[in-house]
């Protein structure tokens, strides 16, 4: 029986695009994608470049690329709940609202 991790999550990734609200607006290219990730249970921590997991200190990180964008493994801990927010900045300087994805990281095989 293999008791090690069944799957790994070597990086997080996503896509972005500049999509105008109305047909008359001009589309600009994406410049940057920002993300922040929170883990909880126990505590409430945010991940930051150079600081690792920091309690109650939310910071936005610039991802690698824009579409797709990615970031390497953040050191997931078994049984912890994670919430990822991401948002994009286009070349015209427009910063989007953030989107949210949540998941629980577990190394155990489902029963």
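The values are calculated or read from the model by the stated rules, or taken from the named source; none is laboratory data. Computed from a prediction, not measured in an experiment: that's the story for all the values here. Glycine also receives a Cβ, built like all others from the backbone with ideal geometry; neighbour counts cover every protein chain displayed.
Observations on the model:
- Restricting the range 16-39 to residues that are modelled with pLDDT of 85 or more and outside any strand (DSSP E or B), the residue that is surrounded by the most Cβ atoms within 10 Å (Cβ to Cβ) is 16.
- Those residues of the range 77-107 which are part of a loop (DSSP other than H, G, I, E, B), free of Cβ contacts under 8 Å to residues at least 40 places away in the same chain and more than 21 Å from residue 60 (Cβ to Cβ), in sequence order: 77, 78, 79, 106
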